[in-house]
Amino acid sequence: MRKLIIAGNWKMNAGTVDAAVQLARGLVAKYGQTTAVDIVLGPPYTALREVKAVIANTRIALSAQNMYPKTDGAYTGEISPLFLKDCGCQYVILGHSERRTIFKESNAFINEKVQCALAHGLIPILCIGETEQEREDGQTEAVVEDHLRGGLAGLTKEQVKSMVIAYEPVWAIGTGKTATPADAQSVHAFCREVITGLYDRDTAETVRIQYGGSVKPDNAKELLTQPDIDGALVGGASLKVDSFSGIIENSGAF
């Protein structure tokens, strides 16, 4: 039985340390010791240490939003897995659509990041998903399979089992549009078929696959109770205690 994992990607928001700390404190007060779901917070780099201090000795985990696939060197403006580990991160979000589209990150580069994260004890949350045009062109499955094959290249089945995949249709991120529960379930089931082909059924049934894309308290239950959807990667709704809590409460895990 796969445990739901609900992660908040704060993106370039909650940028002051005080704002991040207050948000983290509010979530700790409600869910600091919950075992029903895994909760992960992804604040900006500048607040990682302070948020870690707030969630210390709780069951809430810390994630970074990105990572460069080198431990050190002349890479101005980048951050290494060693820095993230030093800040207390357990997870790192990789391949988010905003990284793919705005910063032109390729499957090969994202795969390099995934391999580097795993090598240094970080759990990758690998994001995949199609644009609206690709969806309208009937390319959803082709794009998702391409992202999976590229992102998982060279990994062992045990490595894949340990990570998290986040299906995020690009057209639903921050737009208010959401895939129907049936559509989201269909793509998640397809992802498991691809992973079965790459590895085996056990690997496909073990790895957790989240849904992301305008997840809110009022649509969380329908989405997160689908058989192949194992949680949510939440953007805007993770920036307020009440809305993020509403998603957790409506996840079907309680």
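Couple of notes before you dig in:
- Of residues in the range 191-201 being in contact (Cβ under 8 Å) with a residue 24 or more places away in the chain and over 18 Å from the mean Cα position of the chain (by Cα), the one nearest to residue 127 (Cα to Cα): 194
- Test: residue in the range 75-88 that is touching a Phe, Trp or Tyr at 6+ places or on another chain (Cβ under 8 Å) and of a type in the set (Val, Ile, Thr): yes
- Residues located in the range 186-210, provided they are in contact with a Leu (Cβ under 9 Å, 6 or more places away or on another chain), surrounded by fewer than 19 Cβ atoms within 10 Å (Cβ to Cβ) and either within 15 Å of residue 226 (Cβ to Cβ) or aromatic (Phe, Trp, Tyr) (or both): none
- Flag if residue 150 is farther than 14 Å from residue 188 by Cα, at pLDDT 95 or above and part of a loop (DSSP other than H, G, I, E, B): no
- Look at (1) under 23 Å from residue 2 (Cβ atoms); (2) under 13 Å from the mean Cα position of the chain (by Cα) and you find that residue 65 fails only one, number (1).
- Any chance residue 139 is at pLDDT below 95, farther than 17 Å from residue 195 by Cβ and out of contact with any strand residue (DSSP E or B) (no Cβ under 9 Å at 6 or more places or on another chain): no
- Qualifying residue in the range 122-134 (condition: hydroxyl-bearing (Ser, Thr, Tyr) and at pLDDT 95 or above): no
- Residues that are touching a residue at least 24 places away in the same chain (Cβ under 8 Å), closer than 21 Å to residue 20 by Cα and not in a loop (DSSP other than H, G, I, E, B) do not occur anywhere in the range 103-114.
The values are calculated or read from the model by the stated rules, or taken from the named source; none is laboratory data. Predicted, not measured: the structure shown is a model, and the values here were computed from it. Reconstructed Cβ throughout: ideal geometry from the backbone, glycine too, with neighbour counts over all protein chains shown.
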